[in-house]
1. Once you treat every alpha carbon in the range 256-403 as an equal point and sum by Debye, what is log10 I(q)/I(0) at q = 0.14, 0.15 Å⁻¹?
2. Please compute the Kirkwood hydrodynamic radius over the range 329-393, one decimal place, Å, based on all pairs of different Cα atoms.
3. Using the Cα atoms of the range 257-303, I'd like the radius of gyration and the largest Cα-Cα distance, Dmax, both in angstrom.
4. Counting DSSP beta bridges in the range 323-385, what percent are antiparallel, to the nearest 5?
5. Report, ordered by chain and residue number, the lysines lying within cross-link reach of Lys210, taken as a straight Cα distance under 25 Å and ignoring same-chain residues fewer than 8 apart.
6. Carbon and sulfur together cover what percent of the accessible area of the range 244-403 at a 1.4 Å probe radius?
Amino acid sequence: MSATSDFKPWPHLEVESRGDYRAEAYLEDHVGATSTSQASPPLRRGHDRQVHAHGVAAREVRRGEGEFDRGVRSVRENSGGRAAEAIGGAEGGGDEGFQLAAALVEHFGLSPGELLNSTIGFFIATAMESIPSLNFNLTHDHPLQVRDPVVVNVIYFFHFSDDGTLPQTPAGKSLGVLRATSLLHSTAEIRRLVATGSLPHEAIRRKEPKTRLCSAAYKYMFNACRVPRKDEDAYRIYDPSRHTHAIVACGGKFYSFDFVEEGSGAPLPLEGIKERLQKCVKLSNGGPPAPMLGYLTSDDRGKCAEAREELLRVGGSNAEEALELLESGAVMICLDENKDPVSKTQASEIMWTGGLTSGRNRWFDKSIQLICTSNGKAGMNGKHSMMDGMPVVGFCDYITKRS
C-alpha cells in the first residue's frame, strides 16, 4: 500500500494501544487538529501542560465554594471517588481542590457554575494532569478491561435526523444506499482533515485568547478497531495514509472498497461511492449464505477472544488477512436493507444493538459504524474504548451537516 501524498506517514503501519493515551502521544504529530496563534495551548491528558492551582487569591476560591462542593459530590458519585479524591486532595482536604477550581475558573474565563455545568470533563482532566497515574488508571482500568459484552455496556449510539434531501419516491433505489453515499463522502472529508492535522481546533472561553480543546482522542477515530483478548483487550489503529478503504456490512457479509482518491485522500465522487455501495448490496443478495461472524463481537470478551483465535486457527492466513482488512478500514457502513423503522424507538434499537435481526450485520469492535436502513434512517454506533465525548459529537455534527 502506498502512502497518500497529503498525509504524513506514521512510523509504523499499525499501532496497538493498551489504553494509555500517553503511549501514543507521538502520533499527534501526524493526526489531530491544527494549532492557531489566536488560541492558548490545549489541555491534553498525558502531557506536561497544566493549569497551575497554587497562588490563587482566596476570594477567587471562596466565590465557587458552594458549586464546587456540589460538583465534587457529583464526580464522586460517578467515579467511585478516584477523580474526586484527586480534585479534593488525597486526604479529602478542601484547600487543594478549591485552588484547582479557582484556577480553572480563571483559566477558562467562566463562572464556577458554567465551569461545572458545561466543562466538567476538563475539570476532571486538569486534575489528572497533576496526577499522571490517575490519568492512566481512569483510561486504562475501565474500557479495555471490561469483560462483559461491549454491546450495551461499552457502546453508545446516535440516531441522526432524517435527510430531507432524499427523494420521496426513490423509483426502485434504496434510500439507505443514497444516505450511506452522502455520509461516507462527508466522512472522507473529515477523515482527511484529521489525518493531515488540518482539522480546526474547537475552543472554549468567552474572550480571546480562547483555550483549544484536547484533540488527543482523534488519533483513535479512524482506521481503528478493538481487539478481544482473554484478560484485557487491545485497541489497534492503522496508518490512514496507507489504509484508504471503508468496510461495508450488508446481509451479514462484509466487503471493502477504497472510498478516497489515490494520492490526495480526497473523497471519491458521490456517483462512484454509490455504485460501489450498490455493488455490495447486489453481492450480498447472491451466493451461498455466509456465517454470521458479526455475532462473534457481541459476546463476553473472553468468549470473543476464544472465537477469534479459533477463526484464525481454522482460516489460517486467509482469515488473518480478512480480519486485518476489516479492522484497518476507515469506518464501517452497515446497510440494513431489510429494516424500515418508523418510530424513534424502533430506529434507536437498530442503531444501538441491531435489534433481533441486524446484530449479525455489525462488527461491534469497530471504532465507527454508520448504520443506514432501507428507508433512509441513519445513525452512528461507537464505543468508549479510546474515544468518545466531544470528538465524536464533532464528527457526527460534521458529517450530518454536509451530507
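1. So the normalised log intensities work out to -0.82, -0.95.
2. Taking the inverse mean of 1/r over all distinct Cα pairs, the range 329-393 comes out at 12.1 Å.
3. Over the range 257-303's Cα set, Rg and Dmax evaluate to 16.0, 42 Å.
4. Working: 5 of 10 bridges.
Percentage antiparallel, nearest 5: 50.
5. Partners found: Lys219, Lys401.
6. Ligands and nucleic acids excluded, carbon and sulfur give 54 percent.
The values are calculated or read from the model by the stated rules, or taken from the named source; none is laboratory data. Please read all numbers here as calculations on a predicted model, not as lab measurements. All accessible areas refer to the heavy atoms of the entire protein, side chains included, with ligands and DNA or RNA removed. Shrake-Rupley method; radii C 1.70, N 1.55, O 1.52, S 1.80 Å.
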